[in-house]
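Below is one structure; the comments refer to it alone.
Nothing in this text is a laboratory measurement; each read-out follows from the coordinates by a stated rule. None of these values were measured; they are calculated from a predicted model. Here the Cβ is made from the backbone with ideal geometry for all residues, glycine too, and neighbour counts use every protein chain on show.
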Amino acid sequence: MRRLALLAAAALAGCQSMSGDTPRATANLQPTQGNTASGTATFTQVGDNKVRVVANVRGLTPGEHGFHIHEVGDCSSGDGMSTKGHFNPFGKSHAHYDTPERHAGDMPALRADASGNATLDTTLDVMTVTPGPASIVGRGLIVHAAPDDYKTQPTGNAGARIACAIIQRS
């Protein structure tokens, strides 16, 4: 009985130490020139091919804002354009985030309340935090001024880039 208890304790300790090994990345959104939006986003690997995205953004106008992962982790241009286009490692068309036939960087809109604050907590596929072609680490994260229509190619007609970040392993 004692041996069984020791084995159970060892297994539990092993599981607890594994939770600290979960691949994660973070992004600290900064406003682009002339804008006020800022915030944070965390990306946590869930299984082999899903990522939990948790974002908190402030300084937005009330309403919906496009939210995308872009190809390049470079916010140096001042207007966010140095991040280039949406992250699209599999050559898909821009589409709604709940379809598998989309850019890996297509995500749900941020919905800002009357005070300009938005939160998002969702789990997405077609991207990873772990190394590989769908890895978002080192990519750009952009908040747009307008909603994404999920139709217009290749951008979703989401307007200006009002906040920018580089996604970094944490």
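Per residue of region 146-161, what does 6.51 cos²θ - 1.76 cosθ + 1.60 with θ = phi - 60° give for ³J(HN,Hα)? Whole Hz please, x for Gly and Pro, Karplus curve as stated.
Rounded to whole hertz, the list is 10, x, 8, 8, 6, 10, 4, 9, x, 9, x, 6, 8, x, 4, 8.
If you take the charge dipole of the chain about its Cα centre, with +1 on Lys and Arg Cβ and -1 on Asp and Glu Cβ, which of MET127, GLN30, TYR150 is farthest toward its positive end?
MET127
From the phi of every residue in region 64-79, what ³J(HN,Hα) in whole Hz does the Karplus formula 6.51 cos²θ - 1.76 cosθ + 1.60 yield, where θ is phi - 60° and glycine or proline is x?
Calculated HN-Hα couplings, in order: 8, 9, x, 9, 9, 8, 10, 4, 10, x, 8, 9, 6, 6, x, 10 Hz.
For the chain, give the magnitude of the charge dipole about the Cα centre (Cβ charges: +1 Lys/Arg, -1 Asp/Glu; no others), in debye to the nearest 20. Mind dumping the intermediate values first?
Details: 14 positive and 14 negative charges, 118 e Å.
So the dipole magnitude of the chain works out to roughly 560 debye.
Starting at the first residue of region 100-114, write each ³J(HN,Hα) from the Karplus equation 6.51 cos²θ - 1.76 cosθ + 1.60 with θ = phi - 60°, in whole Hz, x for Gly and Pro.
Ordered by residue, 3J(HN,Hα) equals x, 8, 8, 4, 4, x, 6, 10, x, 5, 7, 10, 7, 7, 4 Hz.
Skipping prolines and chain starts, which residues have an amide H placed within reach, meaning under 5 Å, of the one on ARG139, given they are 5 or more residues away or on another chain?
Sorted by chain and number, the residues that satisfy this are ILE167.
From the residues GLY85, GLY73, SER115, which one has its Cα farthest along the dipole of region 22-169 in the positive direction, the dipole being from +1 and -1 charges on Cβ of Lys/Arg and Asp/Glu about the Cα centre?
GLY73
Fully extended, how many nm does the chain gain between VAL72 and ASN117 (0.36 nm per residue separation, minus their Cα-Cα distance)? Write out the running numbers ahead of the final one.
Values: separation 45, 0.36 × 45 = 16.20 nm, distance 2.60 nm.
Separation in residues times 0.36 nm, less the Cα-Cα distance, equals 13.6 nm.
Round to the nearest 0.05 the FRET efficiency obtained for THR40 and ASN157 when R0 = 30 Å and r is the Cβ-Cβ distance.
My answer for the efficiency is 0.70.
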